[in-house]
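Novice: Here's a structure for you.
The values are calculated or read from the model by the stated rules, or taken from the named source; none is laboratory data. The structure displayed is predicted, hence computed values, not measured ones. Heads up, the Cβs are rebuilt from the backbone with ideal geometry, glycines too, and the neighbour counts pull from every protein chain shown. These area figures cover heavy atoms from the full protein model, side chains too; ligands, DNA and RNA do not enter into them. Shrake-Rupley method; radii C 1.70, N 1.55, O 1.52, S 1.80 Å.
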Amino acid sequence: MKKFIFKTLIAAILGAVLISCTTNRAWNEMVIIEDPKVEIKEYVNFNTKLNDVYIFDVKSSGIRADEGYEDSANSLGIVGKGYNNTSFYSASDGITNFIFIKDGTDNELKLFSSNVFIYKYQFQRLDERYSSSSNHTLNVYAVIKNDTNKDKVLNSRDNISLYVSNYDGTELTEISSSIIEFKFIDKNQFMFTEHDGKTLSYYAYNTATKNKKLIKSVEQEISQKSIMMY
């Protein structure tokens, strides 16, 4: 049993938690399963090879994501399916970390020192098959680290942190601790917003220069979050 791994993420949940979801559900979410009768399996699954680096998912059957979590990530063939073809594992098992291994070495790099909910992500993309506006030189991750609204569910209602790293997982950097919107807007550039309860601030980030710039701030309420990582 590896329940202790996730105790830093969310308060203990009494009994089994069951989720019934559809692919058009408004919120992607994950719930920790802590039924003592259920064996929780953490496992590693190959995701992709990027340049000279092999990338593996770390996933857990103790955390469930709704179907839209996988479907939205794979809608354009951006990421691997992320599941093992056995009865023990499911596409809905949540990604909690990434492991990067350089070709020709035995060195392994875990992206995060402790497991989190990697809500959405996009690896470095320099591919002529995609529009130039979505090509970028860094890996980008939308991460839910804690149950900030205390509803015993990890989902986009909680704070979503924004991170970037080099293609091989090195130099992981937090760009924002709580984003509202995210969208790629130009080659090597994405825009995201933050809200302090009163003011919505628009930031542009350049993945080539690693520069964050405030574009505009406006006093207004927010309706829902929109994290478009494709």
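Novice: Beyond a 23 Å Cα-Cα separation, which of these cross-linked pairs lie in this structure: 49/152; 145/183; 41/150; 110/183; 145/213; 110/152?
Specialist: Those over the limit are 49/152; 41/150; 110/183; 145/213; 110/152.
Novice: Follow-up. Compute the signed sum of charges (Lys and Arg +1, Asp and Glu -1) over the other residues within less than 11 Å, Cβ to Cβ, of residue 230. Display every interim value, and only then the final one.
Specialist: Numbers: positive: 120, 125, 183; negative: none.
For residues surrounding residue 230, the net value is +3.
Novice: Compute the relative contact order of segment 163-230 as a whole-number percentage, counting only Cα pairs closer than 8 Å that sit 6 or more residues apart in sequence.
Specialist: Numbers: 119 pairs, mean separation 18.0, N = 68.
After rounding, I find 26 percent.
Novice: Can you check what the net charge comes to around residue 176, using other residues whose Cβ is under 15 Å from the Cβ of residue 176 (Lys, Arg +1; Asp, Glu -1)?
Specialist: Working: positive: 120, 145, 183, 210, 212, 213, 225; negative: 158, 174, 181, 194, 196.
Residues close to residue 176 contribute a combined charge of +2.
Novice: 5 Å is the cut-off here: which amide hydrogens, built 1.01 Å from N in the peptide plane, fall below it relative to residue 175, excluding neighbours closer than 5 in sequence?
Specialist: 162, 163, 164
Novice: On to the next question. What does the accessible area of residue 212 come to, in Å² to the nearest 10, when a probe of 1.4 Å is used?
Specialist: Rounded to the nearest 10, the figure is 80 Å².
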